[in-house]
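Input: a single structure, listed below in structure tokens.
Please treat every number below as a calculation from the coordinates, not as lab data. Computed from a predicted structure; not experimentally measured. All Cβ positions, even for glycine, are placed from backbone atoms using ideal geometry, and neighbour counts span all protein chains on display.
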């Protein structure tokens, strides 16, 4: 009997994720988002091989030419190949966004769940610190942090900056959710049974927050892309010789009339990226979140 | 009520002090005003560089604690927020730019709220109908577009219109260019400058209000008391208008209150794209010029605005919701 | 009554009403053909469990169903079909001719408007010409009618200033504001305490008398309708299964489901004499309905014909009470003929089971081991002001000087209204930490004593807890196997031992061991509570604390869980400390009972003694408020209805906490009243009767005496 139980149990576990997948797949927009995102990642990784231009190369023979068979996306005023630059910039934006989003969700989870679970003074002080960190706009703090970084390590500092000032809001949300979960009867039941606090957090709190964490990580990508673009656009983020979609936009802004493609192409890529991630996030929310309206009955 | 507000303000002052101090040390550690001079060609003599830096109290050869104490003394005793590396006064720079931000952001904020909340209510009442689906898709689309892209797209579009029209209907830089005395022409000129940045900010702001107001109202529409109101003899629409809407506006009013203080701090991206000399652009400039004192002053000013907004939000909530008492 | 009815015509007529909803799982057939005529001035009770379609029926009449509902049939009101009316047309009837009262008074009023504004809206919507003065006068009149004191001042109060019972009165006042012809009350007392329920039922009777309206009273509780309804429709799975006058239904039920509902409920007014007989299975799923009679799967009488097609409502002859004018007795059951011919009763249909004898049956109470001994337990909470600022407003004595003891194999129940401190007492015991004041001893060990982690863990194993709502006490993300393994892992059992133990546990609580790989939401409510009980039993506890273990369950399922608890106790000798507001359940399960009021125990003793001969005026009132599923009894019994609500727990009360609501207090002389106002009564041996019982000296002898017999905390029990 024991064996049989073990077996059925493991079958059931996969069943749960199949269920999530099925609910996710039921949304055409979510599937489209996922496909687009995968294509973008593939393109950012291997797209550079499709051209012999490097993003740093300048083609003085063709300054500011429109898209053609040699320069697929045309060139900038200075002769940079826009295709190579966009591929490189997209890669930068994706790396920064995913790294920073995952890291800040992690910090937020540890901090938010921690202060909520231990209650009392820990929670009070923890909340005060969160409020305090929200007083000064995080854009400003990130900009200060990235200020002294050079061109090559700039993206790393930007990731660090976006991470250490980007988790605050989510930590507040997670604390609020943990506050309601810690009052649930099954958490109290576990306490009554003498289960250790750490086990309670791992077995009951984190899995029940899991959906929120996954969804926020994904949607966090959208806001991080936005923040990264904004900073780079303002000249406060990624700097030459490195490139990101934001810096290309900045470059394109000055030649908006004469070379509109320099602006339009990175802008389109950015919008496609953000929109596809948002679609995935919405789909995940409906698929995983047990409290979502379309969750229905899991049977 | 007053005691509550006083206690709140006291707490906020402590919070603000810690946050500004943190910003000061962060800025001092990561910003290098010396490089402004070092990169000049010809490079000025070391002595004069040090003299200039000392004069602005941003010399990295002075221990940061000493600089901090000196800076703090200046702020507390003389309300002197220090000097930029080019020896100009930070305080004056902020005051002179506040007006531009105010002119720019106020209209966009008002429009965002009015348009966003109206559409939010409109779509919530028509949940799952085509109007809701279409408007929601558009809102989500605009919502994910980075503000820089949005602003640049508006500029792009406006230039196209100007080209087609053959005259300058829209200006894409600054807030004023008319030099004459005629108020009517002056105002028209102001509007021609204002319209594009306002559109780009309103688009972004309105979708935020739309999406949240829709959620708030949908939550309230299913509340039991709406059913009670209908059982009294109100039609569905009356019950929603008189009961659900009233409740759903409480959190919206809070975020409106919160955003009021934000009109002074400006809109960084918009001001940069449209070359408007407001506080948002000043922030970019200070960082670009390694202006430590300017950056800290901006941080302090934004901090005050944020906290004033938070306090306003609390007061508004207590005012609108009888369940909350500030005593 | 019958003669009265004859002179009145039908005001509302429902004909073959059907309601479907689309859901992700498929079409939900919420109502599948209900018909009835409602006559002026009469009361129709619609009884059914959750999912029976009773509430949907009422919402269909009001035209308040969601737009995704598909409605068929006719609802005739004064010759017009309500189903053909638009929302705007219906709004002219709603609140004026047809009014409704909802289940949850706490959420039924708009939080941001005052009571006066909401009353005003009810009046002005249908009488736009009313002047402000008229509105005000009428509002005060209505609020006074429904028993709200100081109505004039209360008009400016907001809903959150009112208790649940008071809010329900406001809702009733709004419902009768325009003298409606029909009032629909959808579980109007379910969310309320039993004493408040009695008040509200009283108000409803008054309201009906004042307006002459017909009343549709919807409930899951047959006891409640017994006293108020003229006719009753029993619904199951969206269909009416039996329709008759109230006397008929209770004295001669025909449909096995009706019998089951009546038989499965313990009676508060009778000592436990037999084991409960549960209706097997769980309520029918409304999405995938079976081919034949929807009750067939749970019915002991089910034959082949029952599974072939659905039986229709058919008239059968009068059986007992009533006359020609009474509601014809109609039943939807193929086997009705046999049941009638053989005069079958609940026992014949469902059979009888014997209880398992208790392993402690032969051991006198005094010789059993003391499992729990609580002495002078006190727990306070500091109350902070609402909103953002958490300022300390006062101290609430949630539990005040409570002493009780439990011995092996017995069940002690704590009863009282919400806010009486019964659940807090349970949690204090479960905390296994030194209480603020007093002491808690488990198996002779003081929980405040210093012990090693190991020893404390051992103590933990001996006490377990079962929560009210199994929906929330089982982690939805864990399969049953992991849920049951949790306490065993704490013990450090090996994988093999855990496997074996889980198999045993599943069988012990009557579930199939091969279901352990399922998740909680794949079980019905009753099954989930069985799992929660299995989890509590996993570590072989000697004491289980039960917090309202059946109140979240459907009536037809409760009996099964109660039987399980009883069997487990008899088999394993485990003791229960048990909190419930349902006094019928208490009487059935408990051997001893303690009645709590505002943190104090006011009366305690053997359950039959306390229920049959209550001495404290509060106990008397509480028991008299419990509805009994017997219309004869209900009509004759004397009812004590308490005034008002529990006083605010922050209020400082010098003397007897109950004095403000005490019916006895009102009859006392001024001098006697002063004693109540100034001296807190102590718990003394019951029926002491002498005035000397008041003296403080008497209290000292308590600790030795209170185990033996009943105790009462009232100065004047002899007066009553």
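Odds and ends about this structure:
- Per-pair calculated FRET efficiency, R0 = 60 Å: residue B:157 and residue C:449 via Cβ, rounded to 0.05: 0.15
- Put simply, the C-alpha atoms of chain C give a gyration tensor, and the ellipsoid matching it has half-axes of 42, 35, 25 Å, longest first.
- 10 Å Cβ neighbours from other chains, averaged over peptide C:104-114: 6
- Taken residue by residue and averaged, Cβ atoms of other chains lying within 10 Å of the Cβ of A:122-131 number 1.
- Note on residue A:102/residue C:650: beta-carbon distance plugged into 1/(1 + (r/R0)^6) with R0 of 51 Å gives a FRET efficiency of 0.55.
- Stretchable slack from residue A:50 to residue A:26, in nm (0.36 nm times residue separation minus alpha-carbon distance): 5.2 nm
- q = 0.17 Å⁻¹, region B:197-316: log10 I(q)/I(0) [Debye, one scatterer per Cα]: -0.91
- DSSP-defined beta bridges in chain C - what % are antiparallel, rounded to 5: 60 percent
- Listed residues A:136, A:212, A:269, most fluctuating in chain A (Gaussian network, C-alpha, under 10 Å): A:136
- Each DSSP beta bridge with both residues in the protein assembly as shown is either parallel or antiparallel, and the antiparallel ones are about 65%.
- If both residues of a DSSP beta bridge must be in region C:365-588, then about 60% of such bridges are antiparallel.
- Counts of other chain beta carbons within 10 angstrom of each beta carbon in peptide A:246-257 average 3.
- Relative to the longest principal axis of the Cα atoms of chain B, the long axis of helix B:292-320 lies at roughly 20 degrees.
- Sorting C:263-272, B:167-176 by their mean Cβ neighbour count within 10 Å, with the most densely packed peptide first, gives C:263-272, B:167-176.
- Treating each Cα of region B:187-233 as an identical point scatterer and summing with the Debye formula, the log10 of I(q)/I(0) at q = 0.22, 0.24, 0.28, 0.32 Å⁻¹ comes to -0.79, -0.84, -0.92, -1.00.
- The order of the peptides B:48-59, C:351-362, C:620-631, B:265-276 by mean Cβ neighbours within 10 Å, most packed first, is B:265-276, C:620-631, B:48-59, C:351-362.
- Extension gain, residue B:169 back to residue B:6 (0.36 nm per residue minus Cα-Cα distance, nm): 53.7 nm
- Cα-based shape type of chain B, given that a ≥ b ≥ c are square roots of the gyration tensor eigenvalues and the cut on a/c is 1.5: oblate
- Pairwise inverse Cα distances across region C:365-588, averaged and inverted, put the Kirkwood hydrodynamic radius at 18.6 Å.
- Under a Gaussian network description of chain A, with springs only between Cα atoms under 10 Å, the residue in A:247, A:95, A:199 that fluctuates furthest is A:199.
- Helix axis angle, A:245-254 relative to chain A longest principal axis, alpha carbon, degrees: 40 degrees
- Rg/Rh ratio calculated on Cα atoms of region C:1-110 (Kirkwood radius): 0.98
- Shape analysis of region C:252-354 places it in the oblate category; the axes a ≥ b ≥ c from the Cα gyration tensor give an a/c of at least 1.5, with a/b not above b/c.
- Highest to lowest packing among C:636-646, C:577-587, C:289-299, scored as the average C-beta count within 10 Å: C:577-587, C:289-299, C:636-646
- Principal axis extents of the C-alpha atoms in chain A (largest first, rounded to whole Å): 76, 46, 32.
- For q = 0.04, 0.08, 0.09 Å⁻¹, Debye-computed log10 I/I(0) when each Cα of the protein assembly as shown counts as one equal scatterer: -0.31, -1.12, -1.31
- Relative to the longest principal axis of the Cα atoms of chain A, helix A:138-147 runs at roughly 50 degrees.
- Taking all Cα pairs closer than 8 Å and separated by 6 or more residues, the relative contact order of chain C comes to 13 percent.
- The distance between label points at residue C:274 and residue B:177 comes to 9.8 nm (points 7 Å beyond Cα on the Cα→Cβ vector).
- Our Cα-only numbers for region A:43-134 put the radius of gyration and Dmax at 22.7, 69 Å.
- Multiplying each eigenvalue of the alpha-carbon gyration tensor of region B:263-327 by 5 and taking the square root yields semi-axes of 33, 14, 6 Å, largest first, rounded to whole angstroms.
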